[in-house]
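The values are calculated or read from the model by the stated rules, or taken from the named source; none is laboratory data. These numbers were taken from a predicted model, which means no experiment stands behind them. We place every Cβ from the backbone using ideal geometry, glycine too, and count neighbours over all the protein chains shown. Surface accessibility is based on the protein's heavy atoms, side chains included, excluding ligands, DNA and RNA. Shrake-Rupley method; radii C 1.70, N 1.55, O 1.52, S 1.80 Å.
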Amino acid sequence: MNLLAVPVELTLSIIAHLPIPSIHALQRVCKQLNDFVCANESQIYHTAASYHTWIPSTALSFDEITSVHSARSIYGVQDWKSFCQRHFQIERSWSGRDFSSLSPFTATENEVHRIKVDEKAGIIITTVQNGGIRVVDIVENKLLWSLPREYVKQYAHCEYDQGFLIFDRMDRGKEVWILVSSCHSDLPSDEEAKYPPQPDQVAASGQAASLHADTDKGHFRPWALFRMPRVTRAFRFVYPTLLVGSSNQFFLWDIPSRDLVQTISVNPDQLQQHTPITHFGITQLNYVEVSEQHVVVCNISSLLVYARSNGRLVLQLPSDRFTYGSRMYVLRDKVDPPPGINTMMVNHPLRERIPAEPPAPNRRYLDEFVAAHVSRCGRHLVAMLATSKLVFIKDFQRGDDDLNERMFQLNLGSSRAGSRYLAFERNKIAVATNNGVFILNLKQALEDGHSPLEINVSRVPALFNNLLLSSISCLQLGETGLYFNWNAEVLQSDPTENERQFSISLRSSARHARLQTGDYMVMLDPDLPFTSSISTVCSVNMVSTPNDVQTQKNASDELINV
């Protein structure tokens, strides 16, 4: 087809829907096409940015890209063409095919427990094992704001989204603070709130502002204090909803309005018999997740999904199956990094394995769901078992209907190595296990008509260290980096020895204990001594720092040619 022979609007649309390197290749076909692309360059790349979902729509002007992207992700961007080049490179980096680097954030200091990252605001938030909260500048690696250990309890869990920071107290309370520079408008005043900040929060805020008066970046002020009516075990915040779970009730709070908007009670009659319950409710909550329409619960023996519309249990998946879904995938040996590219990751193609059958009827394989996340679109769910296994459910809101066909399992190495942490953002999953640190790109695999084999699985070889892997207590995905706690002094290590050890772990056979009932219990390798006291925040960066600019430019220009 002669592109120049069709209407101009159609030609522009066709070109904008091409892969980014193909646009440059098209310009080499003939002078007329080159002239056409050059004359319409801004419109073509603006449409391409929308088509590749790097911006919400073409209604977003170039001057507005800072409203949806962090400064790190648009570093060096001058127009829509360089914007597309930048984000094409970032996507390649996430898949292990372009530049990436490892770096520490020493300003977070040691004893890091939980991590939250806001690349757009340019901050990293951490709670400290021995108590306290620290906020660090993501670019300048310096302390911006803090709350002391006398105020924030030891091993505090924290949640953060859209400028709201939430952490737990010893008295069943959940504190909510808001970023001072937050762009939220039309928020109710403290006088209108049912659960306003309390005097001790106000006093702590004043002390923190005075201590860090040299800057106002990264500062928070108190927003609310919620006191739970009973002992709670887990909480999760996905703007605007805070979910707090107890053994028999789940409380949902709307954070902007500071109001309790829903309570879901556990109905034991709905639970299948393999879920252990007491007269109080579910035993041992491991994790909770919330989306606009659902509440997801990981307990000691099941994955439970409740509908927020009516509070009813709509899906229950026991953790005692030998396999999940009709398809199971395992990692192949790695492929080497692209030649000439400075990348910290290697790829692992997947191969399909026939799902295991129980050795005898009614036998169970005793495992445990330890974490779960819902995609931002609300359609898909990924859950992590204790044994380095991931379970994916497409369109989980459809319940049990053809569930087996919509579900598949991915094994990240030997089941003997325990799982550490799971994160899910922007169609990417990050997993830390005692086998390693993995990044999964799901951009195609979870869409209709695509195979799970299209999942891109990358691993960070430099992070294969049994002692430090077993001490990871948090892992977070940002737009341009993966953040985790690690000993910064051993970020770099012998890649040859690491690969040898990983290959051994990949082939390690599972170990089981057979119980008197005939059931099988997976036997995890014992964790090594806890060493998180020497860990700070480190990151795998998918974008360059000023020192890396030329290294990245030389490599990317060769591959992208935009």
Practice problem: Only one of these is under 30 Å from Leu144 (Cα atoms) and crowded, with 18+ Cβ neighbours inside 10 Å: Ser100, Ser67. Name it. | Solution: Ser100
Quiz item: Among Thr47, Thr53, Thr58, which is the only one that is closer than 18 Å to Glu479 by Cα and within 35 Å of the chain's Cα centre (by Cα)?
Solution: Thr53
Self-check item: Hits in the range 70-93 (condition: buried (at least 18 other Cβ atoms within 10 Å of the Cβ), in contact (Cβ under 8 Å) with a residue 24 or more places away in the chain and assigned to a loop (DSSP other than H, G, I, E, B))
Solution: Ser70, Arg72, Ser73
Quiz prompt | Qualifying residues in the range 466-491 (those that are touching a Lys or Arg at 6+ places or on another chain (Cβ under 7 Å) and among the β-branched types (Val, Ile, Thr)) - the one surrounded by the most Cβ atoms within 10 Å (Cβ to Cβ) | solution = Thr480
Quiz item: So which strands (runs of 3 or more DSSP E) are wholly in the range 154-252 and hold at least 2 residues that are buried (at least 16 other Cβ atoms within 10 Å of the Cβ) and touching a helix residue (DSSP H, G or I) at 6+ places or on another chain (Cβ under 7 Å)?
Solution: 220-227
Quiz item: Just for the range 139-153: of the residues that are in contact with a Gly (Cβ under 8 Å, 6 or more places away or on another chain) and outside any loop (DSSP other than H, G, I, E, B), which one is farthest from Pro197 (Cα to Cα)?
Solution: Leu144
Exercise. Only one of these is of a type in the set (Gly, Ala, Ser), modelled with pLDDT under 90 and open to solvent by less than 20 Å² (accessible area, probe 1.4 Å): Ala383, Ala417. Name it.
Key: Ala417
Exercise. Report whether or not Asn347 is open to solvent by less than 10 Å² (accessible area, probe 1.4 Å), within 22 Å of the chain's Cα centre (by Cα) and in contact (Cβ under 8 Å) with a residue 12 or more places away in the chain.
Key: no
Quiz prompt | Residue count, the range 496-524 (criterion: of a type outside the set (D, E, K, R), open to solvent by less than 80 Å² (accessible area, probe 1.4 Å) and assigned to a helix (DSSP H, G or I)) | solution = 6
Quiz item: Considering the range 105-138 alone, what residues qualify as being more than 21 Å from the chain's Cα centre (by Cα), in contact (Cβ under 8 Å) with a residue 24 or more places away in the chain and part of a loop (DSSP other than H, G, I, E, B)?
Solution: Glu109, Asn110, Glu111, Gln129, Asn130, Gly131
Practice problem: Quick one: Asp402 ticks every box in (1) surrounded by 24 or more Cβ atoms within 10 Å (Cβ to Cβ); (2) on the phi > 0 side of the Ramachandran plot except a single one, so which number is it? | Solution: (1)
Self-check item: Per-region count, the range 268-299, residues out of contact with any strand residue (DSSP E or B) (no Cβ under 7 Å at 6 or more places or on another chain) and modelled with pLDDT under 95
Solution: 8
Practice problem: Please give the strands (runs of 3 or more DSSP E) falling wholly within the range 357-473 in which 1 or more residues are of a type in the set (Val, Ile, Thr). | Solution: 369-374, 381-385, 389-393, 428-433, 436-441, 456-459
Practice problem: Please name all residue pairs, on different chains or six or more residues apart, with Cβ atoms under 9 Å, provided the first residue is in the range 11-24 and is farther than 18 Å from Asp35 by Cβ and modelled with pLDDT of 85 or more and the second residue is of a type in the set (Gly, Ala, Ser) and open to solvent by less than 10 Å² (accessible area, probe 1.4 Å). | Solution: His17/Ala48; Ile20/Ala48
Quiz item: Within the range 78-94, which residues are in contact with a Ser or Thr (Cβ under 6 Å, 6 or more places away or on another chain) and among the hydroxyl-bearing types (Ser, Thr, Tyr)?
Solution: Ser93
Quiz item: Which ones in the range 22-61 are open to solvent by 50 Å² or more (accessible area, probe 1.4 Å) and either in contact with a Ser or Thr (Cβ under 8 Å, 6 or more places away or on another chain) or not in a helix (DSSP H, G or I) (or both)?
Solution: Arg28, Val29, Thr53, Pro56, Thr58, Ala59
Quiz item: Does Val136 fit the bill of being farther than 26 Å from Ser246 by Cα and not aromatic (Phe, Trp, Tyr)?
Solution: yes
Practice problem: Can you confirm whether the range 239-254 contains a residue that is at pLDDT below 90, under 23 Å from the mean Cα position of the chain (by Cα) and not aromatic (Phe, Trp, Tyr)? | Solution: no
Practice problem: Could you grab me the full set of residues in the range 420-439 that are open to solvent by 20 Å² or more (accessible area, probe 1.4 Å) and farther than 26 Å from Val238 by Cβ? | Solution: Asn434
Quiz item: In this structure, is Leu442 more than 16 Å from Ser388 (Cα to Cα), surrounded by fewer than 21 Cβ atoms within 10 Å (Cβ to Cβ) and aliphatic (A, V, I, L, M)?
Solution: no
Quiz item: Failed condition for Asn411, given (1) open to solvent by less than 70 Å² (accessible area, probe 1.4 Å); (2) on the phi > 0 side of the Ramachandran plot; (3) in contact with a strand residue (DSSP E or B) (Cβ under 8 Å, 6 or more places away or on another chain), with all others met?
Solution: (2)
